[in-house]
Amino acid sequence: MSSNDEFTRLTDPFRPELLVHCYRMLGSIHDAEDLVQETYLRAWRSYENFEGRSSLRFWLYRIATSACLTALEHRSRRLLPSGLAEPSDDPGGPLYPALPEVEWVQPLPGPLNDPPAADPAVIVASRGSVRLALIAALQHLPAKQRAVLILRDVLAWRAAEVADLLGTTTAAVNSALQRARAQLEQVAPVEDELAEPAEPRHRALLDQYMSAFENADIGALLRLLRDDVALEMPPNMTWFTGRAAVGRFIAAKVFAGPGVTRMVRITANGQPAAAVYWRADDGVHRAHAVQVLTITDTGISRIVSFNDPGLFAAFGLPVSLDAAGVPTSA
């Protein structure tokens, strides 16, 4: 077996978890994919010098984390609208796009690497570590604090291991972790406890949500929303909170009659989500948005609608659907 074949065989199993690690660091699936490619290129070039003093997994994480920290030196922080401005009190008013230089957090397609465990609680914890609210909150941390918190609290590495990976001291790691936890508490919203993956009631609520959208039924939609529901729509900076404001906005600015939208059930960040297609004048439904929902036992508490058709490829979704809901090449 050639060294190239050996490298591929030994390192490929780590690719999914490294992609999620880079996504947590960068808040962008596109950037994460680029950084994983860079990680593997760096690792391949250095593989002949890998002496096995650490595990291959640790070595790859060292390269990936270094690549992420370097990338973050030259990139602005990715945000959601709620991290930029206060909610709007005018659901009937215009939407205000953010400045072009603002970069947005992106959704993560599916549960990419559920751990091989039968215990649903383990899977819940894994998916919880990529929930959209947490990813958005992580982006508020300085890059090295972000890395420390992810390695210690998400991946459960020991402080000495993190210090070795980052080339610092255990005391510095513990100090950075303490500061990161304190800041995260200030910016991370409090959410209800996660349910088991694919919990039947939550699936049913997502189906009802999709049906309400496709039928432009505002009454049915309002019955699914919590009183304190929030709606964010990057790249628009404008966002809304409260069932009344969200309902008024959707009724006035989103719903345009039954059949105008079609929705496809997906998963993003380990959460229920839907791909939204909007009917054009030619009758073809074209890619419009990826909506990520936070569903609790008392209803939908947050809707983040990423109005970016460019995200559909990452989810393996077609760019358009015909009248029967069949993917087309339009």
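Derivation of every value follows stated rules applied to the coordinates shown; laboratory data play no part. Fair warning: this is a prediction, and the values are worked out from it, not measured in the lab. Positions of Cβ are generated from backbone atoms using ideal geometry, with glycine treated the same way; all protein chains shown enter the neighbour counts.
Observations on the structure shown:
- Exposure proxy order (Cβ contacts within 10 Å, fewest to most) of Val264, Val102: Val102, Val264
- Gain upon complete extension [Gln208, Ala252; 0.36 nm per residue less C-alpha separation]: 13.8 nm
- Whether the range 253-320 is rounded, prolate or oblate, judged on the alpha carbon gyration tensor where a/c under 1.5 counts as rounded: oblate
- In this calculation the C-beta distance from Asp322 to Arg201 is compared with R0 = 22 Å, giving a FRET efficiency of 0.10.
- In this structure the amide hydrogen of Ala268, modeled in the peptide plane, comes within under 5 Å of the amide hydrogens of Gly110, Ala273, none closer than 5 places in sequence on its chain.
- Neighbour-count ranking [beta-carbon atoms within 10 angstrom, fewest first] of His21, His30: His30, His21
- Whole-Å distance, taken between Cα centres, linking the range 1-42 and the range 260-328: 28
- Length gained when the stretch Leu84-Asn236 is fully extended (0.36 nm per residue, less Cα-Cα span): 53.6 nm
- Nitroxide proxy distance, nm - points 7 Å out along Cα→Cβ at Asp34 and Arg53: 3.2
- For Trp239, nonlocal amide neighbours, meaning residues 5 or more places apart or on other chains whose placed amide H falls under 5 Å from its own, are Ser88.
- Ranked Asp164, Asp281, Asp12, criterion: other C-beta atoms within 10 Å, fewest first: Asp281, Asp12, Asp164
- Close amide H partners of Val229, meaning residues 5 or more places away or on another chain with modelled amide H under 5 Å apart, are Gly242, Arg243.
- Spin-label model, Asn4/Asp281: points 7 Å from Cα along the beta carbon direction are separated by 5.2 nm.
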